[in-house]
Amino acid sequence: MLARVSRMNWDEVRVRVGQEFHKQSDLLMYRMGVRNGSVQLNADSAAPPGQFFFSASEFSGSEISERAELLRKHLPDEAAEILREADEICGHRFRLLGYENLEYGSEIDWHLDLVHGKRAPMDPWFKIPFLDFALVGDHKVTWELNRHQHLVTLAKARLLSGDEKYVRELMARWRSWIKANPYPLGINWGSTLEVAFRSLSWIWVDQLLAGAGDYAQFRSELAPALAFHGRYIERYLSTYFSPNTHLLGEALALFFLGTLYPQMPGAARWKESGWRIVLHEAGRQVRPDGVYFEQSLYYHVYALDFFLYARLLAARNGMEIPLAYDAVLGRMLDVVAALAQAGPAEGFGDDDGGRLWNPRRNRTEQMTDPLALGAVMYSSQFSAARLTEEAIWLFGNQAVEKLSIANLGTQAGPAARSLAFPDGGLYVLADSQPFAQAMVVDAGPQGVGRSGHGHADALSLRLTMDGRRWLVDSGSGVYISKDAADRNTFRGTGAHNTMRVDGVDQAVADEPFSWTHIPATHAESWIVGKSFTYFVGSHNGYARLADPVVHRRHVLKIAGDLWLVRDVALGQTEHELDIRWHFAPDLEVQNEVRAVDSGRVEIARAGAASGDPGLSLIVPEETVWHTATEITKTLLSPAYGEFQPAPLVRCRARVLLPAEIATALVPRSGAIRQEAEPQIEPRLVSMAQAAVQVYELNYGHASHGFFFALDNEAWSFGPLSSDARVLYCHIAKEKLAQLVVIGGTRVAWQEQPLLKAAGPSAFFEWRRRDAVMNAAPGEFSVTALFEELTGEELTGGSCSPFSGGDHDSSHHSPSPYAEKR
């Protein structure tokens, strides 16, 4: 403790000492019989109340009545769901996080984790170890109920139905909570963020019920309790305890309280400090490219929601919005939009399970909700933005006009495009043909500090296609449980689409929200051409092994065609390598070829029609890597505490390093073929010489050749020779169809120059079908032979020597490097 104190600055010491003083003095007052829990308002305050998102009166034609009607008209299913859930709440049956149908009985126990049957003790809140599962169970379950977002559901149900039973239940449950949670006792005072969430729920209740018949008396009880919550938040801000989304949510609650209720003591101070913290944290917690610094999509959306709500309330009340603040929000929205170009924005990092507005919208498919708010707020076009209940309550008819299906249908969505967010390490390799596709490579830091909400997922991949999830993140499972393995399994390397070495994770799991030996991940190359996108990255997470191992991953996307993923493990001794591919729960994975050691599996949606998209996963055959026998089931967590079986494909090998493997991912239209014709059956072959690694994928009448230089020397293979770092060629019907060259100064065909450059080049690309030819200015130039070859048939029909080149595979002598592999 002394060492920890010695690292604190004076302000941190002052804040922490002040908080400790308040804890002890509040407890002493309670023991002396002085009951806190409410703060009297300044009845003489002349300041008018602030403007909420809508006018609070309920007369016909008012904003709140119009928005309820808009919801019934444009989102009738959502309106009906609100009433269904409200009826469940009246029966004390709740949906919390990923848990359904939690029956709390006639009298709700506000301190109970019903899922695990554990009740937190009624001790002073700061003496309850809320991470101790044996004592309190999973505190998140308890706290989720005590956020009181279900009270907001009841208030909305009353507006939609006019039935006063929902108001009666709301008031009864609120009074029950007040009686069961005398300050400072109980776990529900144990987190300032949870107090802030409860405050925001009470504010929504207050605004939604204004004008209700019996509400005036209830409001006289609610307002002083709300003021006490504000005082608590101000005293126990997470300035130094958890200065991330905790601090943001707390600042937002202070800003709302101070803006909307000027009659509360301290309101002016809350408004100023809340807004100041929000503005400051927007610059501190968001990386320059717009990625939230905790490396979690869920927490990115959490933070973005806080920022958007603060911005909207500030604008409603005539406050000046700094341009820098809007710029941060715009970049954060761009990140979500980039991840959602071809389907739901697939998650990464921790999944908290809660939401600022509607806690039921906590699935991957709903992480694009902020785009609806951003589209209206900034008049932006986001192809993934859709009309939501939240947008209607916040913006009314403005949201309907901007986001309704009828209006969206008149707008042509932009083509998916490859984008990079280098500070956050997110690289999106996107394509629009034959349908929208987006593969995301995670090559960023694991998180901030000890990476509390980050996962050991360096270089993991996620894939969406044609509006659906394909390669997915496994989720978070739970944060706290009886067995620490429950937490560590889902945040570990094996739960992600990347390489695991020797059965250990890339980082070492420590406490539930911390890691040690956190790896450094580097994006080494990122090139976006007109006909391809190329990424290379590496990490040192396995440098701690007795024989240090570096994992390097190459991803090459050929526009309108396939991905090739090349995984290289660099080391000196033998290691167990394990590459995993986690597929969405609604997909079926099967081995298409009858041979046991086939390197190909087919993936399609369960019950897919003949024209539906599919995916082929192909690895080289006849290698030491085992694939076909490793098609199994695993568990994914679609929401906190919920688990679901899903397909898993594993490629494993125990090999002497250095070693590598390539995986081709081929999107296709049409369901799985039951009887594939032999001549069009995809097949990937791995070949190597001393200076180059070659992969050749043949299917249909086409051959795709991938050449990777193994060092900085020139190489030759069959008819091709070059000093390029990477070369891709596509031959269709014995004609060169496409050529991509990355790095180097020359390319030759049968020892005759095709391309040449005066110095090292970035890239060159050419594609026959649409006459694409692209190179960095002043770099590669074509020769007469290139012009000749691009217009005529080639000798042989393949990029490799096995279809008419100079070499005979049966007599080819592999290099020492090839023998190691």
**Request:** Kindly rank 375-388, 139-152 from highest to lowest mean number of other beta carbons found within 10 Å of each residue.
**Result:** 139-152, 375-388
**Message:** How tilted is helix 297-316 with respect to the longest principal axis of the chain? Cα atoms for both, answer in degrees (0 to 90, nearest 10).
**Reply:** 50
**Fill in**
Total charge of the residues flanking Arg652 in space, meaning their Cβ is under 10 Å from its Cβ, with Lys and Arg +1 and Asp and Glu -1, is +1
**Asked** Using 1/(1 + (r/R0)^6) with R0 = 60 angstrom and r between the beta carbons of Asp132 and Ala732, what's the FRET efficiency to the nearest 0.05?
**Response** 0.40
**Asked** Roughly how many Å is it from the Cα centre of region 550-590 to that of region 297-344, as a whole number?
**Response** 33
**Asked** For region 1-71, which trypsin sites (Lys or Arg not before Pro) are both in a DSSP coil and crowded by at most 11 other Cβ atoms within 10 Å?
**Response** Arg7, Arg35
**Message:** For Rg/Rh (Cα atoms, Kirkwood Rh), one of [x] 1.04; [y] 1.00; [z] 1.02 was computed from the structure I shared and the rest are decoys. Which label?
**Reply:** [z]
**Complete:** The FRET efficiency for Ala714 and Ala606, from their Cβ-Cβ distance with R0 = 60 Å and rounded to 0.05, is 0.75
**Message:** Given R₀ = 41 Å, what would the calculated FRET efficiency be for Ala546 paired with Leu785, taking r from the Cβ atoms and rounding to 0.05?
**Reply:** 0.20
**Fill in**
For the pair Glu103 and Asn397, the simple spin-label estimate (label points 7 Å beyond Cα toward Cβ) gives in nm 4.7
**Message:** My understanding is that a pair violates if its Cα-Cα distance is over 26 Å; which of Lys73/Lys271; Lys140/Lys633; Lys23/Lys156; Lys530/Lys733; Lys127/Lys156; Lys140/Lys165 do that in this structure?
**Reply:** Lys73/Lys271; Lys140/Lys633; Lys23/Lys156; Lys127/Lys156; Lys140/Lys165
**Request:** Show me 469-476, 235-242, 509-516 ranked by packing, highest mean number of other Cβ atoms within 10 Å first.
**Result:** 469-476, 235-242, 509-516
**Request:** With a point put 7 Å past each Cα toward its Cβ, work out how far Asp326 is from Arg7 in nm, to one decimal.
**Result:** 4.0
**Prompt:** Quick one: if you stick a label point 7 Å off each Cα along the C-beta vector at Arg769 and Met122, how many nm between them?
**Reply:** 7.2
**Prompt:** Peptides 567-578, 735-746: what's the order by average Cβ count within 10 Å, highest mean first?
**Reply:** 735-746, 567-578
**Message:** Expected output is a single nm value to one decimal: the length gained when fully extending between Gln217 and Leu656, i.e. 0.36 nm times separation in residues minus the C-alpha distance. What is it?
**Reply:** 150.4 nm
**Fill in**
The answer for the net charge of residues other than Val400 whose Cβ lies under 14 angstrom from its Cβ, with Lys and Arg +1 and Asp and Glu -1, is -2
**Prompt:** Net charge near Val772, counting Lys/Arg +1 and Asp/Glu -1 over other residues with Cβ under 13 Å of its Cβ?
**Reply:** +2
**Prompt:** Of Tyr183, Tyr699, which has the most accessible area and how do the rest follow, probe 1.4 Å?
**Reply:** Tyr699, Tyr183
**Prompt:** How much length is gained on full extension from Glu69 to Gln572, taking 0.36 nm per residue of separation minus their Cα-Cα distance?
**Reply:** 174.2 nm
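The values are calculated or read from the model by the stated rules, or taken from the named source; none is laboratory data. All values reported here derive from a predicted model rather than from experimental measurement. When we count neighbours, we look across all protein chains shown, and the Cβ atoms used for this are built from the backbone with ideal geometry, even at glycine. Keep in mind that these areas ignore ligands, DNA and RNA; they rest on the heavy atoms of the full protein, side chains included. Shrake-Rupley method; radii C 1.70, N 1.55, O 1.52, S 1.80 Å.
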